[in-house]
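Report on the structure given below.
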Amino acid sequence: MTEIEFQPSAMSPQSPPYVAVIFTSWRMQPGEGENQKVEQGEVKSNLSSRDSLQEDQDYDLAAQHMEALANQQPGFLGFESARAPSGFGISISYWQDVQAAQAWKNHAAHRKAQEKGREGWYRAYHVQICHVERAYGFWPKESR
């Protein structure tokens, strides 16, 4: 099992209903070409390699900026993210309703980041929009 870095949000929603946007992605790794595709979990082809240090710095800055900007949007409830060293990651943003999630999808700065993601940060990604009707969990006493 691969160790995953998890970044929970203190603002995760507590009581439904709300909307969750689940963004599952596969980051390009050093030496991978921008035209590669994920096929059943494996990378196919190797056309050109990316500048890993600069791309990682650009990605990290953009991700921080997007999270801060999303936090300012009407209807934003929270954000959680985890990424494995392999490049597989999952990010979940929580929204008051579908209209708030859609407005964020269409935000100009977010559109620009989406384009950059398709051009060079991701091998592939998948988005799911979910209506959360019920939520529950367990947290150790020391983290409450």
Checklist entry - How much length is gained if the chain between Ser15 and Glu55 is pulled fully straight, taking 0.36 nm per residue apart and subtracting their Cα-Cα distance, in nm to one decimal? => result 10.7 nm
Next on the checklist: Order 84-90, 136-142 from most to least packed using the mean count of other Cβ atoms within 10 Å.
Outcome noted: 84-90, 136-142
Checklist entry - His126 to Lys112: extension gain in nm, 0.36 nm per residue of separation minus the Cα-Cα distance? => result 3.3 nm
Checklist entry - Using the per-residue mean of other Cβ atoms lying within 10 Å as a proxy for protection, in what order, highest first, do the peptides 57-64, 115-122, 21-28 fall? => result 21-28, 115-122, 57-64
Item to check | Rough spin-label spacing in nm, given labels placed 7 Å along Cα→Cβ, for Glu67 and Glu142 | outcome: 2.3
Checklist entry - Expressed as a whole number of Å, what is the distance separating the alpha-carbon centroids of segment 78-97 and segment 117-141? => result 5
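Bear in mind that the values in this text are calculations on the coordinates, not laboratory data. Quick caveat, the model's predicted, so the values are computed rather than measured. Every residue, glycine as well, gets a Cβ built from its backbone with ideal geometry; the counts of neighbours run over all protein chains shown.
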